[in-house]
Amino acid sequence: MLKAYVSIDIEGLPGIASASMLVPGNTQYSRGSEIMTLFAVETAKKLLENGFDRVVVGDSHGYMTNIEYSKMPRGTSLIQGFPRPVSMLTGLDESFNAALFIGYHSAASTVHGYLSHTMSGRTFAEIRINGIRSSEFLMNSLVAGEKGVPVILVAGDKYLENEVKAYSPWTVFVPLKEGITRYAAIYQSLPETLEMLGKGIYVAVNRYRRGEARPLVLEKPYRVDVFVRYELIADVLETMKPYERVDALHLRFETDSAEEMVKIIELSAIIGYGVHALKQSIH
């Protein structure tokens, strides 16, 4: 049985043009949820049409409850809710044949990347792995790679394309939008975009069947440099193992496990949210 894991984020999707579309309760959130649901459904359908027997979709944005469950087709499972142990890849294990990342955005500190960030824009200014500025694509690909699962397709902001090609050249990249500034982007019509995505999935699945897709690995231990938004976050995080404080905004840790790396960064992000609230109250 062929199983695919689809992690779907929102900032890299076409039609997402305002922060008001990202969070429940905001004025245009229903539009964002509708677009995210549509891409989850279409991706799952294309995988099923191309020979996969089961598609597990991980709702991977914000509170991770964005996709409308009632729209998901037969042959799919949906993972929702926050927090989750391995964040955007919770539920992925060695039983999966392939992973796909849909709606992914560029890394924190990317010039003109639309709403670019890594794990938490409120907490982190930048994250580097082995000296490489890391996006969520790179981090999650390493988690999948440790489980022997290749990432066969990434679809999202065009500013992510060079990173995908540099570190995972066997992965098909489909540009769904292109950032103009941090808060503006251009994208083609929905029919054209869905056609590109469908063709990309077809090519990706055939590459997988020919044995061309590979799990991503980097040299271990992973040396992770974390740059936070302000000093109070670093003041709190430096009390945690395995962090080492480098300077006012820079912390570092090492690990042999990509999954542990993601867990540490996700916990740090949650702590960062709490520190942000504390900072507001003690100013």
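Note on the chain: antiparallel DSSP beta bridges, both residues inside, total approximately 40 percent of the bridges counted.
Quick note on the chain: its Rg to Rh ratio, both from C-alpha atoms and Rh being the Kirkwood radius, is 0.95. Relative to the longest principal axis of the chain, what angle (0 to 90°, nearest 10) does the C-alpha long axis of helix 29-49 take? Tilt of helix 29-49: around 50 degrees. For the chain, the longest principal axis of the Cα atoms and the long axis of helix 136-146 meet at an angle of about 70 degrees. Summing charges over neighbours of Ser109, with a neighbour being any other residue whose Cβ is under 9 Å away from its Cβ, gives 0 when K and R count +1 and D and E count -1. Near Gly145: Cβ cut-off under 12 Å, other residues only, Lys/Arg at +1 and Asp/Glu at -1. The net charge is 0.
Please report, in whole Å³, the volume per residue of the convex hull around the C-alpha atoms of region 134-283. Can you show the working numbers first?
Working: hull volume 20.5 nm³, N = 150.
It is 136 Å³ per residue.
Roughly what angle does helix 258-282 make with the longest principal axis of the chain, taking Cα atoms, 0 to 90 degrees, to the nearest 10? Once rounded, one gets 50 degrees.
Based on alpha-carbon atoms, the Kirkwood radius and the radius of gyration of region 122-189 give Rg/Rh equal to 1.00.
To the nearest 20 Debye, how big is the dipole of the chain about its Cα centre, given +1 on the beta carbon of each Lys and Arg and -1 on that of each Asp and Glu?
On the way: 29 positive and 32 negative charges, 89 e Å.
Taking the Cα centre of the chain as origin, the dipole is about 420 debye.
Along the Cα→Cβ direction, 7 angstrom out, place labels at Lys279 and Ser70. What is the inter-label distance in nm? Those two pseudo-labels are separated by 4.1 nm. Taking the DSSP bridge list for region 95-246 and keeping only pairs wholly inside it, about 50 percent are antiparallel.
Take the Cα atoms of region 222-282, build their convex hull, and give its volume per residue in Å³. Before the final figure, lay out each step's value.
On the way: hull volume 4.0 nm³, N = 61.
Taking the convex hull of the Cα positions in region 222-282, it is 65 Å³ per residue.
Each label point was placed 7 Å from the Cα along the Cα-to-Cβ direction; for Glu49 and Val203 their separation is 1.7 nm.
Peptide packing for 1-8, 123-130 was compared via the average number of neighbouring C-beta atoms within 10 Å per residue; ordered from the highest value, the list is 1-8, 123-130. Across region 71-169, the volume of the C-alpha convex hull divided among the residues equals 131 Å³ per residue.
Highest mobility in the GNM of the chain, judged by mean-square fluctuation with C-alpha springs under 10 Å and restricted to Leu92, Leu13, Leu194, is found for Leu194.
Where does the charge balance sit around Leu160 when Lys and Arg score +1, Asp and Glu -1, over other residues with C-beta under 13 Å from its C-beta? Net of charged neighbours comes to -3. Peptides 134-147, 239-252, 51-64, 75-88 ranked from most to least packed, by the mean per-residue count of other Cβ atoms within 10 Å: 134-147, 51-64, 75-88, 239-252.
Values in this text are rule-based calculations from the coordinates and carry no lab data. The structure displayed is predicted, hence computed values, not measured ones. Every residue, glycine among them, receives a Cβ derived from its backbone with ideal geometry; neighbour counts consider all protein chains shown.
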